[in-house]
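In what follows, a structure is listed as structure tokens, so that the remarks can point back to it.
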Amino acid sequence: MNACDLSPTERLRLHQDLDTLEHVEKQLADLDGELARLSNQPPWNLAMPFLIQLPGLALLSAMTVLAAIGDITRFPTASNGESSFAPTPGRLCVSSQMIMLPEPNCSIK
């Protein structure tokens with residue numbers, strides 16, 4: 001059976017799948033447009049130019065970072081923000097104080 005030899009039921013299913021794909025692609029384009037619009041408005045517009053310059057960060061990932069950390073000015077230093085947002089071995093930020101953690105015992109036998 002080649003690709004053109006589809007039963008009526010298979011053709012219907014293919015047509016419906018293609019319609020679904022077209023619909024989802026339009027929704028994704030709408031979401032991308034809304035993210036772009038929001039990224040140019042307060043409070044995100046001040047941090048976005050800096051975030052999208054980082055390797056690996058584009059519009060979606062930069063907006064995700066901003067949504068996760070909230071107001072970036074609440075971190076007095078980069079180290080405070082780093083340890084609050086991402087796993088940073090040996091450091092933990094609690095109530096704006098840096099706590100040094102003991103090194104884990106990672107011996108592999």
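What follows is calculated from the coordinates using simple rules that are stated; it is not laboratory data. What you see is a predicted model, and the numbers here were worked out from it, not measured in a lab. Note that each Cβ is placed from the backbone with ideal geometry, even for glycine, and that neighbours are counted across all protein chains shown.
Subtracting the Cα-Cα distance of residue 10 and residue 64 from their residue separation scaled by 0.36 nm leaves 15.5 nm.
For the peptides 65-73, 52-60, the ranking by mean Cβ contacts within 10 Å, running from highest to lowest, is 65-73, 52-60.
Of 39, 49, 61, which is farthest on the positive side of the dipole of segment 8-73, counting Cα position, with +1 on Lys and Arg Cβ, -1 on Asp and Glu Cβ, and the Cα centre as origin? The Cα lying farthest towards the positive end belongs to 49. Cβ crowding within 10 Å ranks 39, 7 as 7, 39, fewest other Cβ atoms first.
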